[in-house]
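The values are calculated or read from the model by the stated rules, or taken from the named source; none is laboratory data. Every value quoted in this text rests on a predicted model; they were computed, and no experiment measured them. Glycine gets a Cβ as well: all are built from the backbone with ideal geometry, and neighbour counts include every protein chain shown.
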Amino acid sequence: MKIDDTNIAIIKLLRDGRRSFKNIAKSLGVAENTVRSRVKKLEQEGVLDVAGLVNPEALPRHRAIVVGVKLKTMDLVKKGEEFSKLKGVVAVSVVTGRYDLMLLVLLNDAFGLLEFYTEEVSKIKDVQSVETFVVYKSYNLKVPYIL
């Protein structure tokens with residue numbers, strides 16, 4: 001699928017929350033049906049996923065953490081997919097540098113860091129080491145609520 005300037009503009013307008021197709025069309029000077037069909041196509045192609053997101057800092061008794069993972073294997077994509085299925089994991093990225101994967105994890109009082117490591121990460125083979133980074137303050141961090 002070709003991502004043109006109109007598609008990018010639609011995505012940018014949807015970034016800040018719900019907007020009607022009519023409102024987006026008016027902002028871009030295109031027909032409402034154009035916006036509707038493009039959003040549908042972007043969703044079908046896996047480019048766009050319209051979802052409700054929360055700010056973890058606004059949720060009482062919740063905490064976001066970032067986990068760097070060093071693996072004993074180079075099958076990074078497969079391992080990333082495995083980590084993405086663990087409870088609490090919001091996002092997984094295959095990265096360069098000291099770690100092979102970076103995880104964004106949402107924890108709460110009932111499911112904390114100890115539970116994440118002992119009940120979830122322990123399921124994954126070939127983990128060489130992990131390092132936890134507690135997020136004290138974030139800017140523009142919005143995540144799907146998954147716990």
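What tally of residues in segment 54-79 results from selecting those that are closer than 30 Å to LEU13 by Cβ and either in contact with a strand residue (DSSP E or B) (Cβ under 6 Å, 6 or more places away or on another chain) or small (Gly, Ala, Ser) (or both)?
5
Just need a number here: residues in segment 66-90 that are within 13 Å of the chain's Cα centre (by Cα) and either part of a strand (DSSP E or B) or farther than 16 Å from GLU120 by Cβ (or both).
3
Filter segment 74-92 down to the residues that are in contact (Cβ under 8 Å) with a residue 12 or more places away in the chain and under 19 Å from TYR117 (Cβ atoms) and list them by number.
LYS79, GLY80, GLU82, PHE83, LEU86, LYS87, GLY88, VAL89, VAL90, ALA91, VAL92
Based on what the data block shows, is GLY17 under 17 Å from the mean Cα position of the chain (by Cα), of a type outside the set (Asp, Glu) and in the same structural domain as ALA110 (by TED's automatic domain parsing)?
The answer is no for GLY17.
Quick one: which of LYS12, LYS85 is surrounded by fewer than 16 Cβ atoms within 10 Å (Cβ to Cβ) and farther than 19 Å from TYR139 by Cα?
It is LYS85.
List the residue pairs whose Cβ atoms are under 8 Å apart, where the first residue sits in segment 35-51 and is assigned by TED's automatic domain parsing to the domain that holds ARG15, the second is hydroxyl-bearing (Ser, Thr, Tyr) and in a helix (DSSP H, G or I), and the two are 6 or more positions apart or on different chains.
ARG38/THR6
Within segment 47-54, identify whether any single residue is touching a Phe, Trp or Tyr at 6+ places or on another chain (Cβ under 7 Å) and over 30 Å from ILE3 (Cα atoms), and answer yes or no.
No; the residues of segment 47-54 include none that is touching a Phe, Trp or Tyr at 6+ places or on another chain (Cβ under 7 Å) and over 30 Å from ILE3 (Cα atoms).
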